[in-house]
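Undergrad: My questions will all concern the structure given below.
The values are calculated or read from the model by the stated rules, or taken from the named source; none is laboratory data. Just so it is clear, the model here is predicted, and its values are computed rather than measured. Glycine gets a Cβ as well: all are built from the backbone with ideal geometry, and neighbour counts include every protein chain shown. What goes into the accessible areas is simple: the full protein's heavy atoms, side chains included, and nothing from ligands, DNA or RNA. Shrake-Rupley method; radii C 1.70, N 1.55, O 1.52, S 1.80 Å.
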Amino acid sequence: MFFHIKELQYHAKPERPDPVYARKLQEILGGQFGEITVAMQYLFQGWNVRGDGKYKDLLLDTATEELAHVEMLATMIARLLDNAPLETLEEAAKDPLVAAILGGSNPQHAIVTGLGAAPTDSNGYPWNSRYTIASGNLLADFRANLNAESQGRLQVARLYGMTNDRGVRDMLSWLLARDTMHQNQWIAAIRELESKEGVVVPSTFPRECEKQEVSHVLFNFSRGEESAQGPWAHGPSPDGATFQYVSQPQPLAPQPQLPPAPPYIHDTPPQVLRRNPPILPPM
């Protein structure tokens, strides 16, 4: 059961209108690593936890906060569009192609949403549930969450440098701080799970069913030997094994030879694919 508290979690009020910046904020609202993504990702991860406990609560606590961030951003975008110079919005609406090329305001803010936010990214691409990850394996999911928070905080930091509006920066400073917390909480949760079940996901798959002779081998598939200089090439691995490095990996299987497809498939005829096909006489 959810309750909506009408007050915002934190301030979301700019000093002045800025429809161009409103478009930019759409990225951290409805983009791949935006607040809608993490809110839905954490909700489904939490709902899919088969059992109660601290991990489920952590996910749902964080998901609910992310919904508050969605509302803060939607409010900020609407306020950035309030009292914006009409000519700016009207010109963008007249020629969306020019507006997009110039990186101007989003014409859909004037045409579609009535000076409000939308569940889209900064280019108007609709938010997509495929951005989310909810696998049922908490260690795998928490690592995805850490990546999402890392990418999200990076984008907010870039947006912070794109404005001098003190009101906008104040809200972004809150989001940056919360992303700092969320990165740290996922790191802490990851470490706890790793201490319980190891670092390789899934821990329940029997190791004897994988080719263990290559489980900790780094193959050098680049020119030079620079990759051999890292800790991933020599010494102990995080799961307690020993890394190995192969400078010049060799193929372990012969070149595949596939039989021709049946005639009804209408592939290229086998005789055409021969290395030295017969030269046909001119027509």
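Undergrad: Is there a residue being of a type in the set (Ser, Thr, Tyr), open to solvent by 50 Å² or more (accessible area, probe 1.4 Å) and modelled with pLDDT of 95 or more anywhere in the range 59-72?
TA: Yes; the residues of the range 59-72 include at least one that is of a type in the set (Ser, Thr, Tyr), open to solvent by 50 Å² or more (accessible area, probe 1.4 Å) and modelled with pLDDT of 95 or more.
Undergrad: Okay, next question. Six or more apart or on different chains, Cβ atoms under 8 Å: show the pairs whose first residue is in the range 231-250 and loosely packed, with under 13 Cβ neighbours inside 10 Å and whose second is of a type in the set (Gly, Ala, Ser) and assigned to a strand (DSSP E or B).
TA: Within 8 Å, the pairs are 242/235.
Undergrad: Within the range 174-212, take every residue that is more than 20 Å from residue 147 (Cα to Cα) and touching a residue at least 12 places away in the same chain (Cβ under 8 Å) and give me the one that is least open to solvent (accessible area, probe 1.4 Å).
TA: 203
Undergrad: Can you say whether residue 94 is over 21 Å from residue 150 (Cα atoms), open to solvent by 50 Å² or more (accessible area, probe 1.4 Å) and either at pLDDT 95 or above or in contact with a Pro (Cβ under 6 Å, 6 or more places away or on another chain) (or both), as far as the supplied structure shows?
TA: Here the answer is no, as residue 94 does not meet what is asked.
Undergrad: How many residues, within the range 28-57, are open to solvent by less than 50 Å² (accessible area, probe 1.4 Å) and assigned to a helix (DSSP H, G or I)?
TA: Going through the range 28-57 one residue at a time, the tally reaches 15.
Undergrad: So residue 220 clears everything in (1) within 30 Å of residue 142 (Cβ to Cβ); (2) in contact with a Ser or Thr (Cβ under 6 Å, 6 or more places away or on another chain) except one condition, right? Which one?
TA: So residue 220 meets the others, but not (1).
Undergrad: Could you tell me which residue of the range 254-270 is modelled with the lowest pLDDT, considering only residues that are outside any loop (DSSP other than H, G, I, E, B) and open to solvent by 90 Å² or more (accessible area, probe 1.4 Å)?
TA: Filtering the range 254-270 for residues that are outside any loop (DSSP other than H, G, I, E, B) and open to solvent by 90 Å² or more (accessible area, probe 1.4 Å), the one modelled with the lowest pLDDT comes out as 263.
Undergrad: So, in the range 152-166, how many residues would count as being open to solvent by 40 Å² or more (accessible area, probe 1.4 Å), touching a residue at least 60 places away in the same chain (Cβ under 8 Å) and assigned to a loop (DSSP other than H, G, I, E, B)?
TA: Number satisfying all stated conditions: 1.
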